[in-house]
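Visitor: Let me give you the structure first, and then I'll get to my questions.
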Amino acid sequence: MQQLEALTDAARRDAQAGSASVAPGGARIIPILPVKAAPAMNADEAEVARQMQICNACRYCEGFCAVFPAMTRRLEFAKADVHYLANLCHNCGACYHACQYAPPHEFAVNVPKAMARVRLDTYSSYAWPAAAGALYRRNGLTLALALAGSLALFLLLALAVNGTLASSPAGGNFYAVFPHGQLARMFGVVFALAVLALGMGVRRFWRDITDGTAGAPGSAAAAEATRDVLALRYLDGGHGEGCNESDDGYTLMRRRFHHFTFYGFMLCLAATSVATLYHYLLGLEAPYPVLSLPVLLGTAGGIGLLVGPAGLLWLNLRRHPEQGDRRQRPMDRGFIVLLLLVSATGLALLAWRDSAAMAALLALHLGCVMALFLTLPYGKFAHGIYRSAALLKSAIEKRQPLRHDPGSA
Ligand code: SF4
Ligand code: SF4
């Protein structure tokens, strides 16, 4: 008994010191190291892990998207695996419509819905600062308050500076309504904070899903992930015919409307960047002629941001009710409507910038843009950032050797 106590004490000491030693009598003591407990899963995460175990035995959907090849590289699904797979899923619905184990089967497999629920967990649990994670769960309200506050702010500012909203400064000069420096400071600070919040959140997500296993992305993996993001590769359904929306039929509509939205957004950013260069480098101040580069880019971007979100809203309203997470409808639809408001007010401002409605239209447009920037890190936009990180991990992972025989699941 005394010998056992001596061994235990020695083992404890060595564990604290992080070394092995030899006990009295020559026995080698193996240190008792504290075991790092696996993070506990919540009900949504456990449900994805359960369904992935079933899918891993079935594998009928292997060719649909990046989720299933990533799944077959695993025998078990820990919390970080579940978050990684959930963000690889883009909710196309193909595996739900194809599944022989979907409800009413007792296995109750509905991968798109289970993945969508976990994605909401991803956004909220990796949010930066952590307290802001709650904004995803009440995103409809968050968005409405941000929009109402931003609109009120710019309408009141326009009134305070000009004394009226019915004014048309000479030549449609926006900076006669809001000084350029004031706008640059307001939007610059909010946009920088949005980028910081998204960057910090995705950095924490990346650390968890790679946990030191991904290594630095090689150029081939980075190039593949970039191509997949820019071409929205997996929105072709893996067979080129597209996603399921309301029924078993495939359609490429979602891919096309996503492209309009994504490239519309990028063109609008390009227009703003070019206008900034014109202002600071060339000393050319807005308003710019209709055929100038900033206006052409902005007009093309505005049209893309009108067509894309309108189509996505139409698809969202028709989507099969079992294909997603009902709780996220306010977030999905709110973001789409906000994009529509940004583009509609921007195009209206361009059309009527020489009229008496200019000051009011400018205030409305800036209010919508400010609401978009304020909610960028805490709404549907996060989906694009986390999904891009998951696609990069997928591109890296597929170049690494398998850690088990893929046929042994
Ligand atoms: S979703 Fe259904 S059909 Fe597809 S792999 Fe999973 S269990 Fe099989
Ligand atoms: S819903 Fe689409 S993207 Fe998601 S796992 Fe199923 S097939 Fe893949």
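Visitor: Looking only at residues in segment 57-83 that are within 14 Å of ligand 1 (Cβ to nearest atom) and outside any loop (DSSP other than H, G, I, E, B), which one is farthest from His239 (Cα to Cα)?
Guide: Ala57
Visitor: Looking only at residues in segment 50-81 that are more than 14 Å from ligand 2 (Cβ to nearest atom) and not charged (D, E, K, R), which one is farthest from the chain's Cα centre (by Cα)?
Guide: That would be Ala57.
Here is a yes/no grid of residues against (1) in contact (Cβ under 8 Å) with a residue 24 or more places away in the chain; (2) more than 28 Å from the chain's Cα centre (by Cα):
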position	(1), (2)
Leu157	yes, yes
Phe174	yes, yes
Pro179	no, yes
Gln182	no, yes
Gly188	no, no
Arg207	no, no
Ala221	yes, no
Arg227	no, no
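Visitor: Looking at segment 308-351, which of its residues are under 20 Å from Gly249 (Cβ atoms) and assigned to a helix (DSSP H, G or I)? Outline the logic, then answer.
Guide: Step one: of segment 308-351, the residues under 20 Å from Gly249 (Cβ atoms) are 311-324.
Within segment 308-351, Gly311, Leu312, Leu313, Trp314, Leu315, Asn316, Leu317, Arg318, Pro321, Glu322, Gln323 qualify.
Visitor: Identify, please: which residue in segment 84-104 is assigned to a helix (DSSP H, G or I) and of a type in the set (Phe, Trp, Tyr) and is, among those, farthest from Arg207 (Cα to Cα)?
Guide: The selected residue is Tyr96.
Visitor: Then there's this: Just checking, which of Ala108, Ala102, Ala116, Ala86 is within 16 Å of ligand 1 (Cβ to nearest atom) and touching a Lys or Arg at 6+ places or on another chain (Cβ under 7 Å)?
Guide: Criteria check complete, one pass: Ala86.
Visitor: For segment 105-162, give me every one of the helices (runs of 4 or more DSSP H) that falls completely inside it and has 2 or more residues that are surrounded by fewer than 17 Cβ atoms within 10 Å (Cβ to Cβ) and at pLDDT 95 or above.
Guide: On the way: elements: 111-126, 134-137, 139-162.
Filter on segment 105-162 gives 139-162.
Visitor: Does Ala114 qualify as being within 19 Å of the chain's Cα centre (by Cα) and more than 16 Å from ligand 2 (Cβ to nearest atom)? Spell out the reasoning first.
Guide: Numbers: within 19 Å of the chain's Cα centre (by Cα): yes; more than 16 Å from ligand 2 (Cβ to nearest atom): no.
No, not satisfied.
Visitor: Taking segment 41-55, which residues are more than 12 Å from ligand 1 (Cβ to nearest atom) and either small (Gly, Ala, Ser) or in a helix (DSSP H, G or I) (or both)?
Guide: Going through segment 41-55, the residues more than 12 Å from ligand 1 (Cβ to nearest atom) turn out to be 41-47, 49.
Passing the criteria: Ala43, Asp44, Glu45, Ala46, Glu47, Ala49.
The values are calculated or read from the model by the stated rules, or taken from the named source; none is laboratory data. Fair warning: this is a prediction, and the values are worked out from it, not measured in the lab. With ideal geometry, Cβ positions are generated from the backbone for all residues, glycine too; neighbour counts draw on all protein chains shown.
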